[in-house]
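Here's the structure, in structure tokens; my notes come after.
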Amino acid sequence: MKRRGEWVSAFIFLLPLLFTLAVAFIYAFVRTVYFSFTDYNLFHITKFVGLDNYTQLFADYRFVLALTHSLVYAIVVTASQTFLALLLAVVLNQKIRGLTFFRASYYVPSVASSVAITLIFIWLMNRKGTINWILTMLGRYWPLIITGLALVILVQWFQVFSERRHGLPARAFDPALLGISLLIGAVVTTILGRFGIVHLYPMVDVAIPWLTTRKMFLGIPLPLLSIMMLNIWTTTPTMMLLLLAGLQDVPQELYEAAEMDGATPGQKLFHVTVPAIRPLLFMVITMGLIGTLQVFDQVAITAGVAPLESTITLAYYVYWNMFGSGGLPKVGMASAAALVLAALTLVIVFIQRRLGFSEKGWYS
Amino acid sequence: MRKILLALVIVGLVVGVGLVGFGQDKVTIRLAGYSGDTPLMQDVLSRFVADKIPGVEVVWEPITEDFLAFVLRTLSAGTAPDVFYVDLGWAKTVAGTGLVEPLDDYMASSAILNKGDLIPALENAFTFDGKIYAISKDFNSLVMFYNKDMFDEMGVAYPSDDDTWVTFLGKIAMVNNQPNKWYGACINADAARFLPFAFAAGMPFLKDDGTGPFDLASAKQAADWYTSFNRLGISATSADIGAGWPGAAFISEQAATCIEGGWLIPPIRNENPTLNFGTTFLPSPWEGGPHSNYLFTVGYAMPTSPASGRPDLAFKVIEILTSPEVQNYILESGHAIPSRAALLDSAYFQQKDDFAQATKKVFEATALPGTVPFTFGEIGQGVYMGAVGEALTLIMQGEGTVEEAMNEANAKLSQ
């Protein structure tokens, strides 16, 4: 009797979740599967079309493009953001001054609305936007910048060398000496520039159309690459926060033991830190893959500016079939594409686990 | 027992008050339109509609998402507003759902809005299979706006109705004052601006066999000319100038000309009222050639089963919104040209100021031969406009030749 009571109360607690799961997932999924075999257009189902939607899908050049874009996007963005997040997390796990400030400011891009950020990005990436302006300035001033950097390194090296010769323990990046080096570098560079000893390049306006183009870079359309950079920038901090939480649980003794054995910082990172936070890395990579395979909002907002063929991804292809063409929604095609996307996500996560990025920890 | 009685009394009171309150409730008629129309529509609703129909409260719902997506989504879910905008570009798609109410019977029994009151072309535009599905609220077309001061300063003759593509290109080249001041024009890779020129050059909407027309010589000539301004550097896109749209570049005096419709007039009046400007027809491809144009019109439509359950009241709202008083008011604000035939000789058109003259020009442009209401049939508006828009972008940026880009656009259309 008591056991039944327990069962009932457990069921009652589970009910809200089961209900939402049943409505928002199972019901929707079953309907999507059903629609993918029909020519439903939101208003009439006229007939069953069997596998027609699926064969049409693979005959549609937009779908093939969307599929390739989604795969490239998922792999490049997940790999970059995981790597960057790990680096950032390791750096921010040190005892450095102003730690809270850095952690907070790195996290800002993740907190801001992705729609707002995308709009700002479109604006920065205009043909006469800030990014092209910075490139223009670099194009003009790079001789000075290189000269300045070389001078600073030279002066710093000279100072450290002479300090050490006098038996003083000077570090390579000693702040006081670096200050002097920067000052000397800046003054000398300014003089060289002023008297025309270092030549400036004539002002050439860089006007790369980042978004309104069909140019490719390494086989990836430039607009898609722009969205990738944006996405890496906005999601890296979230991933960093997760990894940071993991890093703080790594037992300090492991590092001490590694140091006793004479491990270098690089060896400590790859042989102590990474294995220790493996479960979290698995989560970060899985979330990254699922999130990037379903990328939609950035693409939808950029769609007003960039050519469809240069940005379309699977999730946007689904939307485009529903509302993008200006005709009646092609629910059948959209459902079929959505199911392909779901299957693809499952397969990729499965492959990822097979390759060893699984939740097994270092102690197993 | 007493407690139960008390509870019953309380329940009775609540239900009673609720029923009385319900009985006095006004019927809410939801009216959905473009969010950009909010100031105008709120003004019109408070001036002309509020309290005019007893027991009715009209609520304006500005829609920020893609409007066609909104209409299709709400129609299929049965939550469509009582009255909503329908753009001619996708009217046929929406009427084809079978969930939009034909308005013939309402018009037949109406005292103020009957068949024949509207300009015939606009009434026909929303008529499919013999039934009228929307009441055109106003219409618009494209004209060339030019900044008189800039033409004077550069000593160039104003654009005129007699300009051909060649003479117009020459004028823009001469009025262009770069690198420091203004561009000769602000032209975007926009299908809706380009298509009138292609039609003037003789391109049909589709070829007779139903395939795309973009690989025809006329389409390619128009694309070559339309993109030549930006390729020659005498014009820029609004994004290059840092303006939201070509009209904004014109208002801020960064471009000497732009191709826009009557909707540019209110922002000029609000943001740069001293701008010394004129308007002319779009240039024609050859001397004495056609000026073909694009007729923009938006109408009011109703769903077959409105949420309020009162289509009669919804139609009353449409009656007021398309009444002569409201249309004249909108005309004088410069927003659009009335769809009622009787208002076409409105006194406003006789006024001499720049704004009234510009409105008159836009109106005259709609009457030019070759200006037809434009309905996208089987091929969706998004596919048609998207294909040619992308081709124009490629040509403007020198990433493809006219030949390649237009052939590719045509191939996309046939997919």
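Can you find, among A:Asn93, B:Phe145, A:Thr302, the residue sitting farthest towards the positive end of the charge dipole of the protein assembly as shown, where Lys and Arg contribute +1 and Asp and Glu -1 at Cβ? The Cα lying farthest towards the positive end belongs to A:Asn93.
For the range A:153-199, the convex hull drawn through the C-alpha positions has a volume of 65 cubic angstrom per residue.
Please give the residues from the range A:187-224 for which the solvent-accessible area of heavy atoms, probe 1.4 Å, is smaller by at least 20 Å² with all protein chains in place than with the chain isolated. Buried on complex formation: A:Thr212, A:Arg214, A:Lys215. Between the helical axis of A:2-20 and the longest alpha-carbon principal axis of chain A there is an angle of about 80 degrees.
Rounded to two decimals, the Cα-based Rg/Rh of chain B, with Kirkwood Rh, is 1.06.
Normalised by the number of residues in chain B, what is the relative contact order in percent for Cα pairs under 8 Å and 6+ residues apart?
Numbers: 718 pairs, mean separation 99.2, N = 415.
Dividing the mean separation by the residue count of chain B yields 24 percent.
One equal scatterer on each Cα of chain A, no solvent, Debye formula: the resulting log10 I(q)/I(0) at q = 0.10, 0.12 Å⁻¹ is -0.91, -1.15.
Given Cβ point charges of +1 (Lys, Arg) and -1 (Asp, Glu) and nothing else, what value in debye, to the nearest 20, does the dipole of chain A about its Cα centre take?
Details: 24 positive and 15 negative charges, 37 e Å.
Dipole of chain A, to the nearest 20 debye: 180 debye.
Relative contact order of the range A:280-332, taken over Cα pairs closer than 8 Å and 6 or more residues apart, is 26 percent.
Restricting the count to DSSP beta bridges whose residues both fall in the protein assembly as shown, what percent are antiparallel, rounded to a multiple of 5? Walk me through the numbers before you get to the answer.
Details: 27 of 43 bridges.
Antiparallel bridges make up about 65 percent of those DSSP assigns within the protein assembly as shown.
Here chain B carries DSSP beta bridges of which approximately 60% are antiparallel, counting only pairs with both residues inside. Taking label positions 7 Å along the Cα-Cβ direction at both A:Phe48 and B:Glu65, the computed distance is 3.2 nm, reported to one decimal.
Counting only protein heavy atoms and using a 1.4 Å probe, what share of the accessible area of the range B:154-230 belongs to carbon plus sulfur, as a whole percent? C and S atoms contribute 54 percent here.
Two-decimal Rg/Rh of the protein assembly as shown from alpha-carbon positions, Kirkwood Rh? List each step's numbers first, then the result.
Values: Rg = 32.6 Å, Rh = 31.3 Å.
Reported Rg/Rh (Cα atoms, Kirkwood Rh): 1.04.
Helix B:217-231 and the long axis of chain B differ in direction by around 80°, with both axes built from C-alpha atoms. Of the residues B:Ala358, A:Ala207, A:Tyr141, the one whose Cα sits farthest towards the positive end of the charge dipole of the protein assembly as shown is A:Tyr141 (charges of +1 on Lys and Arg Cβ, -1 on Asp and Glu Cβ, taken about the Cα centre). As a fraction of the 1.4 Å probe accessible area of the range A:204-254, surface on carbon and sulfur atoms comes out at 69 percent. In a simple Cβ point-charge model (Lys, Arg +1; Asp, Glu -1; nothing else charged), the range B:315-415 has a dipole of about 380 debye relative to its Cα centre. Averaged over the residues of B:236-244, the number of partner chain Cβ atoms lying within 10 Å of the residue Cβ comes to 4.
Test of understanding: what is the full-extension gain from A:Val274 to A:Tyr61, defined as 0.36 nm times their sequence separation minus their Cα-Cα distance?
Numbers: separation 213, 0.36 × 213 = 76.68 nm, distance 4.12 nm.
Result for the pair: 72.6 nm of gain on full extension.
Taking 7 Å steps out from each Cα toward its Cβ at B:Ala111 and A:Arg140 produces label points 7.2 nm apart.
Percent relative contact order of the range A:38-120, based on C-alpha pairs within less than 8 angstrom and at least six residues apart? Numbers along the way, then the final one.
On the way: 20 pairs, mean separation 8.7, N = 83.
It comes to 10 percent, rounded to a whole number.
Take the alpha-carbon centre of the range B:231-258, take the same for the range B:110-181, and report the distance between them in whole Å. Between the Cα centre of the range B:231-258 and that of the range B:110-181, the gap is 18 Å. Across all Cα atoms of the range B:203-253, the radius of gyration (one decimal) and Dmax (whole number) stand at 15.4, 46 Å. Only Lys, Arg, Asp and Glu carry charge here, each on its Cβ (+1 for the first two, -1 for the last two); on that basis the protein assembly as shown has a dipole of about 3020 debye about its Cα centre.
Report the longest stretch of chain B that contains none of the GluC sites (Glu not before Pro) sitting in a DSSP loop with at most 16 other Cβ atoms within 10 Å.
B:66-252
The long axis of helix B:191-200 is offset from the longest Cα principal axis of chain B by roughly 60 degrees. The contact between chain A and chain B removes approximately 2200 Å² from the accessible area (both sides summed; 1.4 Å probe; ligands, DNA and RNA excluded).
The values are calculated or read from the model by the stated rules, or taken from the named source; none is laboratory data. Just so it is clear, the structure is predicted and the values come from calculations on it, not from any experiment. When we count neighbours, we look across all protein chains shown, and the Cβ atoms used for this are built from the backbone with ideal geometry, even at glycine. Heads up: the accessible areas ignore ligands, DNA and RNA and are worked out on the full protein's heavy atoms, side chains in. Shrake-Rupley method; radii C 1.70, N 1.55, O 1.52, S 1.80 Å.
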